[in-house]
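First comes the structure, then the notes that go with it.
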Amino acid sequence: MGNIHRPRRGSLAFSPRKRAKSEIPSISSWPASAEPKLLGFAGYKAGMTHVMMIDDIPNSPTAGMMVSVPATVIETPPLRVVAVRGYEKSTHGYSAAGEVWAASLDEDLKKVIRTQGSSEQGGNITALQEKDISDIRFVMATNPSKVSGVPSKKPALMEMGVGGADVSSKLEYAQRVLGSSISISDVFSEGNLVDTIAITKGKGTQGPAKRWGTQLQKGKHSRTGKLRHIGTLGPWHPHYVRWTVPQLGQTGYHQRTEYNKRVLEVGENGAEITPAGGILHYGVVKNSYLLVQGSVPGPVKRVVCMRAAIRPKQMPEGSIEMKYVSTASKQGV
């Protein structure tokens, strides 16, 4: 009889597989940049389509040929810089040293901000300049009221990293843009590599076969009716069930990061890529948009954060030669 091989099922790197605390992803690491600019952006996932483009990847089997590439449409209305937050180094890493809010805030922000506590308001960042600040980040607010495909009109607040040679240059840039809006074209352009961070689609409580990808039991072993159970919970010693044993539990609704997604197009008119009859379960893209190669975590209408690639790979320079973007109806006609 042959030796039955049982490799590790599922990656333990994503443990514990519990629900995310918030539907808005949080980013703790940002790439270094000498240019004072925003290092990330956020939008709403609208759906997927496909484009016909010339393959410009060197040494590719289809190099120079026209290929069909899947792409994700992300609607990106302008983000508002509502606050500047300063961080100082401590024995436990970075800790917030203070924040300055814009002099005037929009009415829709009252849905998410009840009180600002001891934070400074007035748009003057002098209070941060007097402190020993090691890093600067922006508190950004989305504009869901401009998006027709998202039912919730409550803005999402999130932190975004800021580039700059030193803290003083970051503070100068913060003073200029505090309280204003930033568009997607000010942050990313065609051909850039971005990391997409979002909360994945939730699937509730699932068993080990779906959650970890374990094999179904063979006919001889499943005569008790336990077809989708695991064969053993572990050895006799240690005398407890270890956390590495695949078991049932929460599946999906986890924060996930996908690296090095290529920006195929940055557009201002969403009607250019909206299919006939609108995007399924979303509607019409009315704002600026980002066309990203490949898939993006999360379901339609979810907030997707995009960060400048923190570990970029070598990609060809120059513009992308796209021949066709599919706008055919997705209604099944």
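A few remarks follow.
- Each Lys and Arg adds +1 at its Cβ and each Asp and Glu adds -1 at its Cβ; summed about the Cα centre, the range 203-251 shows a dipole of about 220 debye.
- Per-residue Cβ neighbour rank within 10 angstrom, fewest leading, Tyr240, Tyr173: Tyr240, Tyr173
- Each of Met306, Met52 was scored by other Cβ atoms within 10 Å of its Cβ. Listed from fewest to most, they are Met52, Met306.
- Counting beta carbons within 10 Å around each of Trp101, Trp243, Trp236 and listing the fewest first gives the order Trp236, Trp243, Trp101.
- The residue among Phe41, Gly252, Asn192 whose Cα reaches farthest toward the positive pole of the charge dipole of the chain, with charges on the beta-carbon of Lys, Arg, Asp and Glu, is Gly252.
- Cα-based equivalent ellipsoid, the chain: semi-axes from gyration tensor eigenvalues, Å: 39, 29, 21
- Chain lengthening between Asp56 and Thr224 when straightened (0.36 nm per residue, less Cα-Cα): 54.9 nm
- Compactness check for the range 203-251: Cα Rg over 2.2 N^0.38 Å is 1.23.
- Expected-Rg normalisation [2.2 N^0.38 Å, Cα atoms] applied to the range 206-333: 1.63
Laboratory data are not the source of any read-out in this text; all were calculated from the coordinates shown. Source: prediction; values computed, not measured. With ideal geometry, Cβ positions are generated from the backbone for all residues, glycine too; neighbour counts draw on all protein chains shown.
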